[in-house]
């Protein structure tokens, strides 16, 4: 029985808006096991970023977790106090965002920012072991030591992302949430950054939740994939099953729409879903059923075997 | 000499940024033939100059060197009726569908402008039928779209409205600058198919600009790979992707994720230590 | 993405804003201006306009039932004077502010969109103009015009008030000019005039409105400045003229508070009101200032 590092149980997240309360995430459950890469795929408006923020305890003031529990390493996090969050965040639960500007202070040198993280978490930063750790991390993300003396604007986009990864790894977290962390990068930097992420993850035995909209990327990197639509999961399963035999119609459409450089020339014949179909997918009583071990699909759209 | 529909002849564009001269486009040359609608792709990463070239071809940015020729005439030297003709025959679809329509007006306004450009009588029921047909053709319901404001519609809908606009105008050339990169994955195929439709059924030549070589493979007749302001490789999509000659192209092709979990990136590429 | 409303307990914790609350400054501002207009609205119950003329009644009378605000040294009833003066001052503000915004807005639009020589010329005039103290220019103009009426006063003030409007409009046009919907309009064959008038101008309306209110405030202030120097429309009643007369007849040292205090109080109400309105309009014009929901 694999250990669960993250367990999300039937949560619901509501936003207050000018037009009234809006549900961004509803009846959502999933788990992330130790040492795995869980790919979270969803289009815009699917609620994936809201989910990420909730797990990190970073929902904006207008967002409220109205139901369910979020358990990290067995510890209840969903409604925890800010102090609990601070103890957990970064040390055990780290975050690599889409834009490095969300993490890196443009006015401080990189080495000072590493120091900030260390001292923020109650450790003295001039101990020699930390210096060695930081250097080892930089080597792991394939950056030279000279990066430490730089300001963020002196580095390229890919390099900044790798600095963010190094910072996320610094305190040895068990779970890293990477939210579209390569979307702003060009394809070449993207591959380097992702491979780096995987390498470093392997050293630390950490789990990663990789959030993105690019299914091809997930195919290259994820162990398990969850497809989100309108605030809930429609399918979760091992990456090979999702690509070989997607069961939910939405997943099937997504997989069929992904272009591949291995395919023949020409556009595949995929018809856009009409309104009635989409409504059926969003129906309230759809629940995730385990169709085969580890492979969950939202019914009632599961085909009768 | 110019039996060409569009000829980009050694076009270059230099900007001065903070006192320095930065060449966004160094010297690009390619052409689109007459009477033979083609879909050519200009592919490259951000900063390679492809969007700058798009603006130059559309007549919005005069080149610092070289020429853009439409039916043999330099577009930046045309005036009057010839210029109006150019403006009708070369149209564009842009990356961000939310920015393309004037937020102050409903969608009708965009079509009113087109109708006026085509010289069609505004109040004629035939005109209105043409507009509605164009919208139906891109699988949109005219009644639920024409009366709405841009902010009330989704990116996919807005992009298809842009295509409907092109259907109505029937230009000779369409410049499509990253038309699907801001649209959800499930809708991309629909939009791409409509683009291909424009070429096959309406005979419009398309200059497709993208950073995604996979979509280029799906729809292009010819591909040009752009890198740091120059075209480094050109050929059929299949040839460029399966047998890349230039080093940059090889790197690019190797970095594209293949959506097959059984074919994973096995070795790290170019991840050697980097100094700023 | 709306699904459906949740249980009442959650709704109770959820704050739903209402339009009234969000635009409280606007409503408060309008309220203040209405208060400032009270002499106009209610004055007819007490006095008639003729009583504002010289020797309308006995001079220097303190407030009484017959003259709720008393009379001043020329025998003018003060409530009547305010009843006529408040609208006059507001009219000067509207004319001056309105012309300034029309002229400045158009110049800013053309200058920002066309660029080139047009822009250089207009920009230079504006940059130089901003360094010249407007009151000095206004005084020069005012003394050279023999007969100043309320509309003429408005126009005089507009001659310097348009300058800052041009600047603000121009910057906004510079950002709007590069937007894709303008490029699309060009691709649709719309000419320069069409783009400026029909594509750009409508999107400038919030800024236009905010600038208008600011200009009205500036115009009223400038007019008061001229009037207390005696350069106002002497034939008409304005608030500034009343204050000028109060100074001329040294009302302050004679303890005639009913003379100089009411017009000043009304001016304060007007300025506060305009300030609140302009703040709110600024907020609408610049969506980033609004608290995000």
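Read the figures in this text as sums done on the coordinates, not as results from a lab. Quick caveat, the model's predicted, so the values are computed rather than measured. Quick reminder, even Gly has a Cβ in these numbers, built from the backbone with ideal geometry, and neighbours come from all protein chains shown.
Please report how far the C-alpha centroid of the range C:72-141 lies from that of the range A:1-61, rounded to the nearest whole angstrom.
If we compute the Cα centre of each part, the gap is 57 Å.
Tell me, what is the FRET efficiency for residue C:121 and residue C:192 to the nearest 0.05, using R0 = 25 angstrom and their Cβ-Cβ distance as r?
0.90
If I build a Gaussian network model for chain B, linking alpha-carbon pairs within less than 10 angstrom, which residue out of B:223, B:100, B:180 has the largest mean-square fluctuation?
Sorting by GNM fluctuation, first place goes to B:100.
For labels at residue A:69 and residue C:265 in the simple 7 Å Cα→Cβ model, what's the distance in nm?
6.7
Label points 7 Å out from Cα along the Cβ direction at residue C:235 and residue A:299: separation in nm?
About 9.2 nm separates the two model spin labels.
If I model a spin label as a point 7 Å beyond the Cα along the Cα-Cβ vector, how far apart are those points for residue A:146 and residue C:279 in nm?
5.4
To the nearest 0.05, what FRET efficiency results for residue A:108 and residue C:247 with a Förster distance of 60 Å applied to their C-beta separation?
0.50
Any idea what angle helix A:187-204 forms with the longest principal axis of chain A, computed on alpha-carbon atoms, 0 to 90 degrees, nearest 10?
80
I need the Debye-formula profile for the range C:101-191: one equal scatterer per C-alpha, no solvent, reported as log10 I(q)/I(0) at q = 0.22 1/Å, two decimals.
For the range C:101-191 at q = 0.22 Å⁻¹, log10 I(q)/I(0) is -1.05.
Would you mind checking the radius of gyration and Dmax of the range C:246-289 based on alpha-carbon positions, in Å?
Calculated on Cα positions, Rg and Dmax stand at 17.2, 52 Å.
For the Cα atoms of chain A, what angle does the longest principal axis make with the long axis of helix A:110-120, in degrees from 0 to 90, nearest 10?
That helix lies at roughly 80 degrees to the long axis.
Decide, for chain C, between rounded, prolate and oblate: order the square roots of the alpha carbon gyration tensor eigenvalues as a ≥ b ≥ c, take rounded if a/c falls under 1.5, and otherwise choose prolate if a/b is larger than b/c, else oblate.
oblate
Report the residues of the range B:8-42 in range of a label on residue B:77: point 7 Å along Cα→C-beta, backbone N strictly under 17 Å from it.
Once the point is set 7 Å along Cα→Cβ of residue B:77, B:8-12 turn out to lie under 17 Å by backbone N, inside the range B:8-42.
Determine the shape class of the range A:67-199: with a ≥ b ≥ c the square roots of the Cα gyration tensor eigenvalues, call it rounded for a/c under 1.5, and otherwise prolate if a/b is greater than b/c, oblate otherwise.
In terms of gyration-tensor shape, oblate.
Given q = 0.10, 0.11, 0.15 Å⁻¹, what are the Debye log10 I(q)/I(0) values for the range B:46-189, with equal point scatterers placed on the Cα positions and solvent ignored?
Log-scaled intensity ratios, in q order: -0.38, -0.46, -0.84.
Can you give the mean number of other chain Cβ atoms that lie within 10 Å of the Cβ atoms in peptide B:246-256?
3
Would you mind telling me which residue in C:131, C:71, C:217 has the biggest mean-square fluctuation in a Gaussian network model of chain C, where springs connect alpha carbons within a distance under 10 angstrom?
Maximum among the listed residues: C:131.
Viscosity 0.890 mPa s, temperature 25 °C: Stokes-Einstein D of chain B from its Kirkwood Cα radius, in µm² per second?
This corresponds to a translational diffusion coefficient of 122 µm²/s.
Compute the orientation-averaged projected area for the protein assembly as shown from the convex hull of its Cα atoms and round it to one decimal in nm².
47.2
Over chain C, with a Gaussian network built from C-alpha contacts below 10 Å, which listed residue (C:257, C:45, C:162) shows the highest mean-square fluctuation?
Result: C:45 has the largest fluctuation of those listed.
Across the residues of B:97-109, average count of Cβ atoms on other protein chains within 10 Å?
The per-residue average across the peptide is 4.
Relative contact order of chain A: what whole-number percent is it, with Cα pairs under 8 angstrom and at least 6 residues apart?
It rounds to 22 percent for chain A.
Mean separation of Cα pairs under 8 Å and 6+ residues apart, divided by the residue count of chain B: what relative contact order is that in percent?
About 25 percent, as a whole number.
What FRET efficiency do you get for residue A:120 and residue A:183 if R0 is 30 Å and r is their Cβ-Cβ distance, rounded to the nearest 0.05?
After rounding to 0.05, the efficiency reads 0.65.
Based only on Cα atoms, what Rg/Rh ratio does the range A:4-298 have, Rh being taken as Kirkwood's radius?
Dividing the radius of gyration by the Kirkwood radius yields 0.98.
Round to the nearest 10 and give me the degree value, 0 to 90, for the angle of helix B:155-169's Cα axis relative to the longest principal axis of chain B.
For B:155-169 against chain B, the angle is about 70 degrees.
For chain C, calculate the relative contact order in percent as a whole number, restricting contacts to Cα pairs under 8 Å that are 6 or more residues apart.
26
Rounded, prolate or oblate: which one fits the range B:137-243, using the alpha carbon gyration tensor with axes a ≥ b ≥ c (rounded when a/c is under 1.5, else prolate when a/b beats b/c, else oblate)?
Because a/c hits 1.5 or more and a/b exceeds b/c, the range B:137-243 counts as prolate.
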